[in-house]
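K.L.:
First the structure, then my questions, so here it is.
The values are calculated or read from the model by the stated rules, or taken from the named source; none is laboratory data. Values in this document were obtained by computation on a predicted structure and should not be read as measured data. Cβ coordinates were reconstructed from backbone atoms using ideal geometry, including for glycine residues, and neighbour counts include every protein chain displayed.
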Protein chains: 4
Amino acid sequence: MTGSLGVAVIGYAFMGKAHSHAWRNVGAFFPEAPRIRQQVLVGRDPGQVKTAARDYGWAESATDWSTVIERDDVDIVDICVPGHLHAEIALAALAAGKHVLVEKPLANTVADAETLAAAAAAALGRGVVSMVGFNYRRVPALALASRFVAEGRLGEVREVRAAYLQDWLADAGAPMTWRLRQDTAGSGALGDLGSHVVDLVRFLLDDEVATVSGDLHTFTTERDGPDGVEQVTVDDAAWAWLGMASGARASVEVSRVATGRKNGLHLEIYGSDGALTFDLERLNELNVIGREGGFERVLVTEPTHPYVGAWWPPGHTLGWDHTFTHQAREFLCAIAAGENVRPSFADGLSVQRTLAAIEASAHDSSRRLHLDHPLGAAS
Amino acid sequence: MTGSLGVAVIGYAFMGKAHSHAWRNVGAFFPEAPRIRQQVLVGRDPGQVKTAARDYGWAESATDWSTVIERDDVDIVDICVPGHLHAEIALAALAAGKHVLVEKPLANTVADAETLAAAAAAALGRGVVSMVGFNYRRVPALALASRFVAEGRLGEVREVRAAYLQDWLADAGAPMTWRLRQDTAGSGALGDLGSHVVDLVRFLLDDEVATVSGDLHTFTTERDGPDGVEQVTVDDAAWAWLGMASGARASVEVSRVATGRKNGLHLEIYGSDGALTFDLERLNELNVIGREGGFERVLVTEPTHPYVGAWWPPGHTLGWDHTFTHQAREFLCAIAAGENVRPSFADGLSVQRTLAAIEASAHDSSRRLHLDHPLGAAS
Amino acid sequence: MTGSLGVAVIGYAFMGKAHSHAWRNVGAFFPEAPRIRQQVLVGRDPGQVKTAARDYGWAESATDWSTVIERDDVDIVDICVPGHLHAEIALAALAAGKHVLVEKPLANTVADAETLAAAAAAALGRGVVSMVGFNYRRVPALALASRFVAEGRLGEVREVRAAYLQDWLADAGAPMTWRLRQDTAGSGALGDLGSHVVDLVRFLLDDEVATVSGDLHTFTTERDGPDGVEQVTVDDAAWAWLGMASGARASVEVSRVATGRKNGLHLEIYGSDGALTFDLERLNELNVIGREGGFERVLVTEPTHPYVGAWWPPGHTLGWDHTFTHQAREFLCAIAAGENVRPSFADGLSVQRTLAAIEASAHDSSRRLHLDHPLGAAS
Amino acid sequence: MTGSLGVAVIGYAFMGKAHSHAWRNVGAFFPEAPRIRQQVLVGRDPGQVKTAARDYGWAESATDWSTVIERDDVDIVDICVPGHLHAEIALAALAAGKHVLVEKPLANTVADAETLAAAAAAALGRGVVSMVGFNYRRVPALALASRFVAEGRLGEVREVRAAYLQDWLADAGAPMTWRLRQDTAGSGALGDLGSHVVDLVRFLLDDEVATVSGDLHTFTTERDGPDGVEQVTVDDAAWAWLGMASGARASVEVSRVATGRKNGLHLEIYGSDGALTFDLERLNELNVIGREGGFERVLVTEPTHPYVGAWWPPGHTLGWDHTFTHQAREFLCAIAAGENVRPSFADGLSVQRTLAAIEASAHDSSRRLHLDHPLGAAS
């Protein structure tokens, strides 16, 4: 095996496909990262997972994650199954001494997230690295935005105006699915889209959420299911105001019924000396206040920009999928260094606490709630 | 006087200049409206108002509004002085039987607004017309947006995402002014910018505000004044969530510290079957969902579009100032018809009540408040 | 008349309406210019010109331009009739000692333009000022672009990519008009739209055309006229490459069949150290290369920007019509100074020669032609 | 080997890296294509090609292409070396019965291109497939554009306005390289960028070039080389007007000194009933005339759009690199079918003839030249 790290991915659906893409490609662009082997893809359906493993470049497939995580030729466990299954697998993998990457959200409950964060902190002491998959931190334009904020180019950040808007539920005739049931999905737009936004605000400002007000709404309360009309028990849209520890204020709106928005993650950050805007539908672009006071559209494809020097010449844009390739690169380099890497499980826990507080506020007439972070600032 | 209507404008600063522009030009483009005379411009400084009157095309200037509103050759009183002076002048003018246009906001307090709305309703019975100057209803693109919503092209409107962002207070070194004192200005970004947004949401959806949550913040709490450091007593930025009577939800953010935004009134309206977006910095454009599901940029300069048939050929854009020309046209046509015209003083009152509720919520941990509209839907 | 200048406008159609707008408003915004009186509007139809005069703010109307230009209370003659009538009126007005503003193009033929340029040069010696109405030099964003180029912010200008695209002839079923006949219109898109582009390239680069290659095409060669099918004898679209005296190269494309373009005057200027882009459909915006190497969108509404300090606060945009107001301001200030003003009749002549050369090249397989400018650089 | 096709890539620089990416990923997204093996990567430097082979996923590396193309375990030869080497390798590979993909341009001379087109036509009769790598036909938005044109949504296409603008030579201080010498590079912007544009115009309109006028220019004629100042012998920028066989007209501008443009392939297509625009820097977007007559921005990420159904959910954008993945898919499917695939070597020849004619016209005062296509329309 000559020093390469064996990877196992658990799950072969949307996220399993995206993570497989990353593992298949990371070595071609980031030779500085430890080399990996695509060892095994794990899924429930033996036939389907076998086909997926072949297509996606895996040496083998398997159906039982619990034996896979014990294998000696598996060094990394990458968990791409639904959120309510994260905790059990991740805890077992950490216990087996494997490095663990968990797709976001870290967990469906604050309690699970706390357990995981504690386990990850303990494992790090043994040289075992863990990370949660908030892949948008790896969009080059957002990594550049973070750099600009950190360098003080915006001065003191005051206001963030953020939204994550999609429209796949805009049609009231769209059918009921497990994603629209509280017991299976945990939450709706808030958990799915809001978790990304909350993590990004924390990341871009290098800041923590101190207070929240929240609101939730379901526009279409009943949908046709296989057994007749069913109640939709998660939110279609959610709103939040975040008071950050630094004093900055952020407004957040997320929705699955925003007709015309396919993947509209919009960010506006206003500081005393500058501002930034970003739209995920144009993920190679970052807009920053320029010398004339207007927004300058920066095509984030220069060699000096984060990640993109590894790819193609200026002007040759990247797609959404390579955010996962960058994520794999960061995770592998952290493993090599034996060091903590952000977004850590502690970050995942902070996000989970924030979402829980938004939900609590929503159920209390949007009254502002104060968060405390007993673990201290996420790390 | 051969049937033309004599106009008196009270105030010759920013708004007086803009309204003068409208009166000077309305006849050239809207011959269907009653003809007017630019009779008299009123201001406190005799020399300055005389110069302004000459430059802006007025026959005379005067310094005492109370005698001007009694003159027989004055049919219309157009009030462009600061908000706390609106009520006294408007009530006197209505009592004198003059048609009254009041620059927004209608008044600085709900109590004043109630008195004015009641007086306007009574005056209408005597054929006296009144209107409040929410000029953005007269932007052709927004009038077209209103038409599209009314025609059902968006289906059921669900979410509105609105902001009005400026940056003239982004510099913490900008000096103290009367606009930043509660006692002289009434409020900050909320009253100045929020009033426009609240009126537009009501107008575009033809709907009324039912519930509000609010938040206010002052980022720079002290500024240098002529006599040393002073406390800033109004908000730099404000946020609100509006629950509309129809069930639609609107989020509102207004700010004077949004670096890079000069006049950034951004509107996004999402319905079950379509969507709209608008940015005041590109006021000739409306974006609507097209047949491929993307946003179509409509240049609102076609003869079939509201107002613009009176102007130039397609593609020849209009400026901000002609929103006032259109406003004058609507007011004059209502006078000719002896009919109510929106935005009425009742609309102005509804906006005022909404702003007051946002402020109350902000002082109560953003708790959601229910508005009642004892006068019924604004009319 | 207390020192004010009496203005006569000849023509009350599209351009007469636009120029009237300028004369009606120039004093309100540019008090530094000599004051004017809207003395008389001249047109052929007595009833229609009387109505237009009343609507557009003129003291009188008249039907005979030849007597109007002799009147003592007329100091300025502003010619807004079709191009083939320009020379006769302008020459007579100059002979009568009147300042003359001629709507573009200066004339329909090079011969007429030469006569006019010589007459204007002679008149200037007698303190009589003349100007041609290339109003796009007065768009604040383009005046700012000119300033940026002159200041060297682009370094050495190398390439200009220009187009003026409209679509009002895209429909092959649109009827025949006098504008589509060579004998009445002179030319098609080339003269109408190309003249603007050629003047702007010369203006923005402060440069002169040295060589041209050209091409012309008529996509719809027959259209229905009142007496049956007629031959279209002007171009629908034209193309040119201009070699500038400085060595810069410009490509030009103009069209009346560019579906979806209403008034699409697009300019891109590439220099060794920077670049600019502009689109007339967004006339308040100029895009310039910023410090990160991307295009910065400058909203040209700051007090330091050309013309706009006279108008409204930052972010309050101007419309197409006020380019004429700015033009009137420049013309009036030149009269007060008794000085030459650009675009002079000599500029108009240079443009005419360039257009004629493009046409000649088009008829000679697009072969490159060298222009000589016997009058020297336009002035 | 069980039926999978062995691939050899010749060249491991920029294009070799991009093609390797395609071969590594094609199977994961396009299971309908024949399966391949990344058999061998060929390059001159044994150490470097070995490292590249390992990083890019190849089973082996080699330094002698002539033996590689004879190997039984190689079915596909993919040529990514500079243009002047294409003919020899491609002819040998075809003679060896291998399917051949040649990176664009097909060849540096018309003579070479003719030989290759004839050889490819002959090979097809033996079931051997060949293709030239104009990868921009595989941008989903451009494939969609082609579909829209073919469906008649634009009506009769009249005008194309095209440019391909980059800025990597804008700095006059950039050093001399082999790319700037006629003898090594063949041509400058014309061959490099113009070839893409010419192919796209032919592809999008499904049309052939009938006439051309051309111009070439070198703005910086001397640059510092390793042995002192050298003459630049290729063009920095080129211009062409194309008359298409259908009667449509296209203007083309390509440049390497267009400051601020990183990969600015801009296309505008105007038809009698619609229009399209595209910018490669936003390669997931296509703008089409919508029902209100404005441009609708279509995010080309819907399952019904070309290629993208194989990837991610709507709104999850693709990067430049996957145009090569799509290209590999098309080539493999053509091999499976034993059928001709476009862009064929005949397409490559048509492009080469057009470029040669542009150059000839440029050397003859831009005089219009007529092309004849003795092989008939490309196929």
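K.L.:
Can you tell me which residue among D:GLY243, D:GLY247 is small (Gly, Ala, Ser) and over 21 Å from D:ASP364 (Cβ atoms)?
P.N.:
Numbers: D:GLY243 fails: over 21 Å from D:ASP364 (Cβ atoms).
Answer to the selection: D:GLY247.
K.L.:
Where residues in region C:27-43 are assigned to a helix (DSSP H, G or I) and of a type outside the set (A, V, I, L, M), which of them is farthest from C:VAL74 (Cα to Cα)? Working first, answer last.
P.N.:
Taking region C:27-43 as the starting set, the residues that turn out to be assigned to a helix (DSSP H, G or I) are C:27-29.
With of a type outside the set (A, V, I, L, M) added as a condition, the list becomes C:27, C:29.
Numbers: C:GLY27: 17, C:PHE29: 23 Å.
The qualifying residue farthest from C:VAL74 (Cα to Cα) is C:PHE29.
K.L.:
Right, next: Kindly indicate whether B:VAL197 is within 14 Å of chain A (Cβ to nearest Cβ), assigned to a strand (DSSP E or B) and surrounded by 17 or more Cβ atoms within 10 Å (Cβ to Cβ).
P.N.:
Values: within 14 Å of chain A (Cβ to nearest Cβ): yes; assigned to a strand (DSSP E or B): no; surrounded by 17 or more Cβ atoms within 10 Å (Cβ to Cβ): yes.
So B:VAL197 fails the test.
K.L.:
Among the residues of region C:34-60, count how many are within 11 Å of another protein chain (Cβ to nearest Cβ) and touching a Lys or Arg at 6+ places or on another chain (Cβ under 8 Å).
P.N.:
4
K.L.:
Let me ask something else about it. Considering only region C:49-80, state which residues are hydroxyl-bearing (Ser, Thr, Tyr) and either modelled with pLDDT under 95 or surrounded by fewer than 18 Cβ atoms within 10 Å (Cβ to Cβ) (or both). Talk me through it step by step, then tell me what you get.
P.N.:
Here is the first cut: in region C:49-80, the ones hydroxyl-bearing (Ser, Thr, Tyr) are C:51, C:56, C:61, C:63, C:66-67.
Correct list: C:THR51, C:THR63, C:SER66, C:THR67.
Yes/no matrix, rows are residues, columns are (1) free of Cβ contacts under 8 Å to residues at least 40 places away in the same chain; (2) closer than 24 Å to D:GLY247 by Cβ; (3) of a type in the set (Val, Ile, Thr); (4) within 11 Å of chain C (Cβ to nearest Cβ):
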| site | (1), (2), (3), (4) |
| --- | --- |
| D:ARG138 | no, no, no, no |
| D:ALA150 | no, yes, no, no |
| D:LEU165 | no, no, no, yes |
| D:ALA170 | no, no, no, yes |
| D:ARG181 | no, no, no, no |
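K.L.:
Just the residues that are in a helix (DSSP H, G or I) and either under 22 Å from C:ALA336 (Cβ atoms) or among the acidic types (Asp, Glu) (or both), please, taken from region C:102-118. It would help to see each step written out before you state the result.
P.N.:
First pass over region C:102-118, keeping only residues in a helix (DSSP H, G or I): C:110-118.
C:ASP112, C:GLU114 - these are the residues of region C:102-118 that are in a helix (DSSP H, G or I) and either under 22 Å from C:ALA336 (Cβ atoms) or among the acidic types (Asp, Glu) (or both).
K.L.:
Among the candidates A:SER272, A:SER361, A:SER350, single out the residue that is in contact (Cβ under 8 Å) with a residue 40 or more places away in the chain, closer than 30 Å to A:GLY243 by Cα and touching a helix residue (DSSP H, G or I) at 6+ places or on another chain (Cβ under 9 Å). Before the answer, list the steps.
P.N.:
Details: A:SER272 fails: touching a helix residue (DSSP H, G or I) at 6+ places or on another chain (Cβ under 9 Å); A:SER361 fails: touching a helix residue (DSSP H, G or I) at 6+ places or on another chain (Cβ under 9 Å).
Only one candidate passes the filter, namely A:SER350.
K.L.:
Just give me the residues in region B:128-147 being in a helix (DSSP H, G or I) and either outside the structural domain of B:VAL308 (by TED's automatic domain parsing) or surrounded by 21 or more Cβ atoms within 10 Å (Cβ to Cβ) (or both), in sequence order. Let's see the steps before the verdict.
P.N.:
Initial filter on region B:128-147 (in a helix (DSSP H, G or I)): B:135-138, B:140-147.
Passing the criteria: B:ASN135, B:TYR136, B:ARG137, B:ARG138, B:PRO140, B:ALA141, B:LEU142, B:ALA143, B:LEU144, B:ALA145.
K.L.:
Restricting to region C:23-48, count the residues that are more than 21 Å from B:LYS17 (Cα to Cα) and surrounded by fewer than 20 Cβ atoms within 10 Å (Cβ to Cβ). Steps first, answer last, please.
P.N.:
Applying the first criterion (more than 21 Å from B:LYS17 (Cα to Cα)) to region C:23-48 yields C:39-48.
Remaining after also requiring surrounded by fewer than 20 Cβ atoms within 10 Å (Cβ to Cβ): C:44-48.
Residues flagged as more than 21 Å from B:LYS17 (Cα to Cα) and surrounded by fewer than 20 Cβ atoms within 10 Å (Cβ to Cβ) within region C:23-48 amount to 5.
K.L.:
Just the residues that are in contact (Cβ under 8 Å) with a residue 40 or more places away in the chain and in contact with a strand residue (DSSP E or B) (Cβ under 8 Å, 6 or more places away or on another chain), please, taken from region A:10-26.
P.N.:
Selection gives A:ILE10, A:GLY11, A:TYR12, A:MET15, A:GLY16, A:HIS19, A:TRP23, A:VAL26.
K.L.:
Here's another thing I want to ask about it. Take the residues of region C:5-22 that are under 28 Å from B:PHE14 (Cβ atoms) and within 11 Å of chain B (Cβ to nearest Cβ): which is surrounded by the most Cβ atoms within 10 Å (Cβ to Cβ)? I'd like the intermediate steps shown before the answer.
P.N.:
To start, the set of residues in region C:5-22 that are under 28 Å from B:PHE14 (Cβ atoms) comprises C:17-22.
Checking which are within 11 Å of chain B (Cβ to nearest Cβ) leaves us with C:17-18, C:20-21.
Numbers: C:LYS17: 21, C:ALA18: 22, C:SER20: 26, C:HIS21: 23.
Checking each candidate, the answer is C:SER20.
K.L.:
Moving on. Of the residues in region C:1-26, how many are in a strand (DSSP E or B) and either under 18 Å from B:ASN25 (Cα atoms) or touching a helix residue (DSSP H, G or I) at 6+ places or on another chain (Cβ under 9 Å) (or both)? Give the derivation first.
P.N.:
The initial filter retains those residues of region C:1-26 that are in a strand (DSSP E or B), namely C:5-10.
This time we only want the ones that are either under 18 Å from B:ASN25 (Cα atoms) or touching a helix residue (DSSP H, G or I) at 6+ places or on another chain (Cβ under 9 Å) (or both), so: C:5, C:7-10.
The total comes to 5.
K.L.:
Further question: Do the conditions hold for D:ALA237, that is, is it of a type in the set (Gly, Ala, Ser), more than 23 Å from C:ARG249 (Cβ to Cβ) and crowded, with 22+ Cβ neighbours inside 10 Å?
P.N.:
Numbers: of a type in the set (Gly, Ala, Ser): yes; more than 23 Å from C:ARG249 (Cβ to Cβ): no; crowded, with 22+ Cβ neighbours inside 10 Å: yes.
Spelling it out, it is not the case that D:ALA237 is of a type in the set (Gly, Ala, Ser), more than 23 Å from C:ARG249 (Cβ to Cβ) and crowded, with 22+ Cβ neighbours inside 10 Å.
K.L.:
Looking for something among the polar types (S, T, N, Q) and surrounded by 23 or more Cβ atoms within 10 Å (Cβ to Cβ) - is there at least one such residue anywhere in region A:343-350? Steps first, answer last, please.
P.N.:
As a first pass, look at region A:343-350 and keep what is among the polar types (S, T, N, Q): A:344, A:350.
Restricting the remaining residues to those that are surrounded by 23 or more Cβ atoms within 10 Å (Cβ to Cβ) gives A:350.
Looking through region A:343-350, at least one residue is among the polar types (S, T, N, Q) and surrounded by 23 or more Cβ atoms within 10 Å (Cβ to Cβ).
K.L.:
Mind counting the residues in region A:232-279 that are more than 14 Å from chain D (Cβ to nearest Cβ) and part of a loop (DSSP other than H, G, I, E, B)?
P.N.:
Number of matching residues: 13.
K.L.:
A follow-up question, please. Select from region B:285-309 the residues that are free of Cβ contacts under 8 Å to residues at least 40 places away in the same chain, part of a loop (DSSP other than H, G, I, E, B) and more than 7 Å from every other protein chain (Cβ to nearest Cβ) and write down the one among them that is surrounded by the fewest Cβ atoms within 10 Å (Cβ to Cβ).
P.N.:
Result: B:THR304.
K.L.:
Output the number of the condition that D:ASP206 fails; it satisfies all remaining conditions of (1) modelled with pLDDT of 95 or more; (2) on the phi < 0 side of the Ramachandran plot; (3) surrounded by fewer than 24 Cβ atoms within 10 Å (Cβ to Cβ).
P.N.:
The number of the failed condition is (2).
K.L.:
Every residue in region B:148-190 that is assigned to a helix (DSSP H, G or I) and either farther than 26 Å from B:ALA357 by Cβ or in the same structural domain as B:VAL9 (by TED's automatic domain parsing) (or both), please.
P.N.:
Within region B:148-190, the subset assigned to a helix (DSSP H, G or I) is B:148-150, B:178-180, B:182-185, B:189-190.
Across region B:148-190, the qualifying residues are B:PHE148, B:ALA150.
K.L.:
Which is assigned by TED's automatic domain parsing to the domain that holds D:TRP23, part of a loop (DSSP other than H, G, I, E, B), free of Cβ contacts under 8 Å to residues at least 12 places away in the same chain and over 30 Å from C:ASP171 (Cα atoms), of D:ASP55, D:ASP72? Before the answer, list the steps.
P.N.:
Details: D:ASP55 fails: part of a loop (DSSP other than H, G, I, E, B).
Answer to the check: D:ASP72.
K.L.:
Filter region C:318-338 down to the residues that are away from chain B (no Cβ under 14 Å) and not in a helix (DSSP H, G or I) and list them by number.
P.N.:
Within region C:318-338, just C:GLY338 meets the criteria.
K.L.:
Across region B:202-231, what is the total count of residues that are away from chain A (no Cβ under 14 Å), assigned to a loop (DSSP other than H, G, I, E, B) and over 25 Å from the mean Cα position of the chain (by Cα)? Write out each step before concluding.
P.N.:
Just the residues of region B:202-231 that are away from chain A (no Cβ under 14 Å), to begin with: B:202-209, B:222, B:224-231.
If we keep only those that are assigned to a loop (DSSP other than H, G, I, E, B) as well, we get B:206-208, B:226-227.
Remaining after also requiring over 25 Å from the mean Cα position of the chain (by Cα): B:226-227.
Looking only at that region, the number is 2.
Okay, residues lined up against (1) in contact with a helix residue (DSSP H, G or I) (Cβ under 8 Å, 6 or more places away or on another chain); (2) at pLDDT 95 or above:
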{"position": "C:LEU124", "(1), (2)": "no, yes"}
{"position": "C:MET131", "(1), (2)": "yes, yes"}
{"position": "C:ARG153", "(1), (2)": "no, yes"}
{"position": "C:ALA172", "(1), (2)": "no, no"}
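K.L.:
Given the options D:THR317, D:THR325, D:THR304, name the one that is among the β-branched types (Val, Ile, Thr) and under 30 Å from C:ALA275 (Cα atoms). If you could, list the steps in order and put the result at the bottom.
P.N.:
Values: D:THR325 fails: under 30 Å from C:ALA275 (Cα atoms); D:THR304 fails: under 30 Å from C:ALA275 (Cα atoms).
Step by step, each of D:THR317, D:THR325, D:THR304 is checked, and only D:THR317 is among the β-branched types (Val, Ile, Thr) and under 30 Å from C:ALA275 (Cα atoms).
K.L.:
Evaluate the following for C:VAL232: is it touching a helix residue (DSSP H, G or I) at 6+ places or on another chain (Cβ under 9 Å), at pLDDT 95 or above, of a type outside the set (D, E, K, R) and buried (at least 24 other Cβ atoms within 10 Å of the Cβ)? Don't jump to the end; show me each part of the working.
P.N.:
Details: touching a helix residue (DSSP H, G or I) at 6+ places or on another chain (Cβ under 9 Å): yes; at pLDDT 95 or above: yes; of a type outside the set (D, E, K, R): yes; buried (at least 24 other Cβ atoms within 10 Å of the Cβ): no.
Taking the combined requirement at face value, the residue does not satisfy it.
K.L.:
Turning to a different aspect of this structure: What tally of residues in region A:247-268 results from selecting those that are among the small types (Gly, Ala, Ser) and farther than 13 Å from B:ILE269 by Cβ?
P.N.:
Result for region A:247-268: 5.
K.L.:
Would you confirm, using the coordinates I've provided, whether A:VAL49 is in contact with a Ser or Thr (Cβ under 6 Å, 6 or more places away or on another chain) and under 22 Å from A:LEU85 (Cα atoms)? Explain how you work it out, then say what you get.
P.N.:
Values: in contact with a Ser or Thr (Cβ under 6 Å, 6 or more places away or on another chain): yes; under 22 Å from A:LEU85 (Cα atoms): yes.
In short, yes.
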